[in-house]
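What follows is a single structure, written as structure tokens, with notes after it.
The values are calculated or read from the model by the stated rules, or taken from the named source; none is laboratory data. Predicted, not measured: the structure shown is a model, and the values here were computed from it. Methodologically, a virtual Cβ is constructed for each residue, glycine included, from the backbone with ideal geometry; neighbour enumeration extends over all protein chains shown. SASA here: full protein model, heavy atoms, side chains in, ligands and nucleic acids out. Shrake-Rupley method; radii C 1.70, N 1.55, O 1.52, S 1.80 Å.
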Amino acid sequence: MKRLFGMRQSLKGQSRSQIERIERRLFLRRGLSLGAVALLSGCDVTDAESVQKVLWAMSRWNDRVQDWIFDPGRLAPEFPESAITMPFPFNAFYSMDQAPSVDPEGYQLELSGLVREKKPWTLPELYALQPQLSQITRHICVEGWSAIGKWSGVRFSDFLRRIGADLTAKYVGFKCADRYWTSIDMPTALHPQTLLTFRFADQILPAPFGFPMKLRIPTKLGFKNPKHIVAMFVTNDYPGGYWEDQGYNWFSGS
Ligand SMILES: Nc1nc2c(c(=O)[nH]1)N[C@H]1C(S)=C(S)[C@@H](COP(=O)(O)O)O[C@H]1N2
Ligand SMILES: [Mo]
């Protein structure tokens, strides 16, 4: 609502009802573009394909609005150690015993796209990154559960600067050892609470919870937090993701 509030300030002299009318009009105009999508597609609700198309368009429109209201300074709540959920729930698109086992010796993080330093990173090099910090936040899964956990690592913004990423690019994409993939918007990548983590509950990330590396984003839903990251790329071409390509809303954040 940043822009609406800005608008409210610039209208200081106006009466409340006038301001409310203007706000309504702004909402209507945005609402209309959504209605127009449904009208233009001439959607026949018995035709699954055109319904699908309209839903996709609505979700992409939703991404734009969420990006528009995203406040890079707004922080997700943090909690004391006593609030940590134990045992912490596991989730993936497979069962816990099928989590990938990544060989720490042979591991290399591959970098590509709009980054200056494309040299791959070994685990000892990643562990040596400074400064390292810990954060206790709530992880929320679309499947209807949430849990509070502690993750430690480096600010993702520090890492992106270190590799000379183009910070004006639109997206950062991730590929994982279990063939999962996802992508996020650059403002979220640069958010101060977005961490590239190596530890969970003060231990090296256990295999099911994302060894060797998980991107922890407390401002986004669980499925936007990739575990077992093996490659990263910076791009202006929409990369989608494993669940996103099956209909989960891409932005899925606050
Ligand atoms: N590589 C990978 N990352 C993933 C997933 C996955 O299946 N593979 N699942 C996502 C989903 S839906 C959730 S809720 C969280 C679960 O993380 P947890 O096992 O640490 O609770 O990981 C996310 N990141
Ligand atoms: Mo999830």
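Taking H as built 1.01 Å from N, whose amide H comes closer than 5 Å to the amide H of Phe211, not counting residues under 5 places away?
For Phe211, the qualifying residues are His228.
Considering amide H positions built from the backbone, and no H for Pro or chain starts, which residues 5 or more places from Gln132, or on another chain, come under 5 Å of its amide H?
Long-range HN contacts for Gln132: none found.
Of Phe79, Phe209, which has the most accessible area with a 1.4 Å probe, and how do the rest follow in descending order?
Values: Phe79 60, Phe209 35 Å².
Final ranking, largest accessible area leading: Phe79, Phe209.
With θ taken as phi - 60° and the coefficients 6.51, -1.76 and 1.60, list the Karplus ³J(HN,Hα) couplings across the stretch 193-198 in order, rounded to whole Hz; mark glycine and proline as x.
With coefficients 6.51, -1.76 and 1.60, one gets 9, 7, 10, 8, 10, 10 Hz.
First select every other residue whose beta carbon is under 12 angstrom from the beta carbon of Ala92; then total the charges, Lys and Arg +1, Asp and Glu -1.
0
Report the local net charge at Thr219: Lys and Arg +1, Asp and Glu -1, summed over other residues whose C-beta lies under 14 Å from its C-beta. Kindly include the intermediate steps, with their values, before the conclusion.
On the way: positive: Arg74, Arg138, Arg155, Arg216, Lys220, Lys224; negative: Asp67, Asp71, Glu78, Asp185.
Taking every Cβ under 14 Å from that of Thr219, the sum is +2.
Peptides 217-229, 189-201, 103-115: what's the order by average Cβ count within 10 Å, highest mean first?
Values: 217-229: 22.9, 189-201: 20.8, 103-115: 14.5.
Descending mean neighbour count gives 217-229, 189-201, 103-115.
Mind listing the phi-derived Karplus ³J(HN,Hα) values for the stretch 73-80, rounded to whole Hz, using 6.51, -1.76 and 1.60 with θ = phi - 60°, and x for any glycine or proline?
x, 7, 9, 6, x, 10, 10, x
Which sequence of Trp181, Trp145 reflects their accessible areas, 1.4 Å probe, from the largest down?
Accessible-area ranking of Trp181, Trp145, largest first: Trp181, Trp145.
So for the pair Val142, Glu49, with labels modelled 7 Å out along Cα→Cβ, what separation do we get in nm?
2.4
Tyr180: net charge of surrounding residues, Cβ under 12 Å, Lys/Arg +1, Asp/Glu -1, itself excluded? Display every interim value, and only then the final one.
Values: positive: Lys175, Arg179, Lys214, Lys224, Lys227; negative: Asp178, Glu244, Asp245.
Here the count lands on +2.
For the stretch 236-254 and the stretch 132-211, what is the separation of their Cα centres, given in Å?
16
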